[in-house]
Amino acid sequence: MKAGGDIFNDLFDEFTLWAILVGIFTFSWLFHHSLKYRSKDGSDNNIDNLTPGVFPVENDDLKLEVTWTVVPFILIVYLTFISWGPLDEIWTEDEDAHIVTITASQWSWSFDCSEVNNTDICDSSQTMDVEGRSNVILSLKAGESYTFILYSEDVTHSPFFVDWGIKEDALPGQETRMYYTPSTDEIGTNLLYCAEYCGDDHGYMTAIIEVHA
Ligand SMILES: [Cu+2]
C-alpha cells in the first residue's frame with residue numbers, strides 16, 4: 001500500500017480552500033455591516049435604544065443563532081472526518097514490507113538494511129558530502145514497501161522525510177515505526193532532517209534519501 005504524498009497535499013488544498021471561503025464570507029459580512037450600519041454625522045447614535053446593562057431581548061434572532069452554530073459545526077465535523085483518512089495511510093503496515101532500521105544519535109543517522117539483504121532494495125553503504133559534511137545515503141527502490149523501525153541511542157530525535165511529508169519521533173529506550181512506499185514520482189534524491197531539537201548540531205543532522213526505479 002501507498003502512504004503519504006498526494007493524500008496530504010489534497011487534504012492541505014481542501015483545508016486551504018475552506019479557509020479562503022470562510023474568510024471571504026466573514027470579512028465581506030464584517031465590512032458590509034461596518035459600513036452600512038455606521039452612524040452618520042449628526043445622526044442619533046443610539047438607533048436601537050440600547051440601555052446600558054439591559055440585554056436587548058427584542059433583537060434576539062433564534063434562526064440566526066442556530067444557523068451560526070449549526071453551519072460551522074457541520075463544516076468542522078466534515079473537516080475532522082476527512083482528516084482521519086490519512087491516519088490509515090500512515091499507520092497501516094504492509095505484511096510484505098522490507099524492514100529498515102534507523103538509529104539516531106547525536107548527531108547522525110545510521111540505516112541498517114541487513115534484514116532486507118538486497119542492495120537493490122535497500123543500501124546504506126554510500127555517503128555524500130554536503131557542505132563539507134559526510135551524509136549517509138539511504139538508497140531505496142520505488143514501488144517497494146518499507147517499515148522503518150526507529151531507535152535512539154541518546155535523546156529524542158525525529159527523522160523527517162521532507163519530500164514524503166512523514167516523520168516520527170525516535171525515542172531512547174522505545175521502538176517506534178513508520179511505513180512508506182515511495183512511488184515512481186518520487187524517484188530522485190531528497191533530504192532527511194532531524195525534526196526534534198537534539199543539541200548543538202541538530203541542524204546538521206541530515207541524510208540523503210535516494211529513490212531509484
Ligand atoms: Cu536529532
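Only the coordinates and a few stated rules stand behind these numbers; no lab work does. Just so you know, these numbers come straight off a predicted model, no measurement behind them. Cβ sites come from the backbone with ideal geometry, for glycine too, and all protein chains shown count toward neighbours.
When only alpha carbons of segment 72-158 are considered, Rg and Dmax amount to 17.8, 53 Å. Springs join every pair of Cα atoms under 10 Å in this Gaussian network model of the chain, and among GLU14, GLU95, GLU58 the largest mean-square fluctuation is at GLU58.
Report for the chain the percent antiparallel among DSSP-assigned beta bridges with both residues inside it, nearest 5.
Around 70 percent of the beta bridges assigned by DSSP in the chain are antiparallel ones.
Ignoring aspartates and glutamates fewer than eight residues from LYS40 along the same chain, the ones with Cα atoms less than 17 angstrom from its Cα are ASP48.
Eigen-decomposition of the gyration tensor built on the alpha-carbon atoms of segment 19-165 gives equivalent ellipsoid semi-axes of 61, 20, 15 angstrom, largest listed first. Centre-to-centre, using Cα atoms only, segment 49-78 and segment 155-213 are separated by 48 Å. Between 0 and 90 degrees, the angle of helix 6-36 with respect to the longest Cα principal axis of the chain falls at about 20 degrees. Return one number: the angle in degrees, 0 to 90 and rounded to the nearest 10, between the long axis of the Cα atoms of helix 62-91 and the longest principal axis of the Cα atoms of the chain. Roughly 0 degrees between the two axes. In segment 98-212, the DSSP beta bridges split such that about 70 percent are antiparallel, to the nearest 5. Database remark: amide H of TYR146 closer than 5 angstrom to the amide H of HIS98, TYR180, THR181 (H placed geometrically; neighbours at sequence offset of 5 or more, or on other chains; Pro and chain starts carry no H). Rg/Rh for segment 79-213 stands at 0.96; both radii use Cα atoms, and Rh follows the Kirkwood definition. For chymotrypsin sites (Phe, Trp or Tyr not before Pro), the sites in segment 120-207 that DSSP calls loop and that have at most 16 other Cβ atoms within 10 Å are TYR197. You can think of it this way: the chain between ILE76 and ILE47 has 6.8 nm of extra reach, that is 0.36 nm per residue less the Cα-Cα gap.
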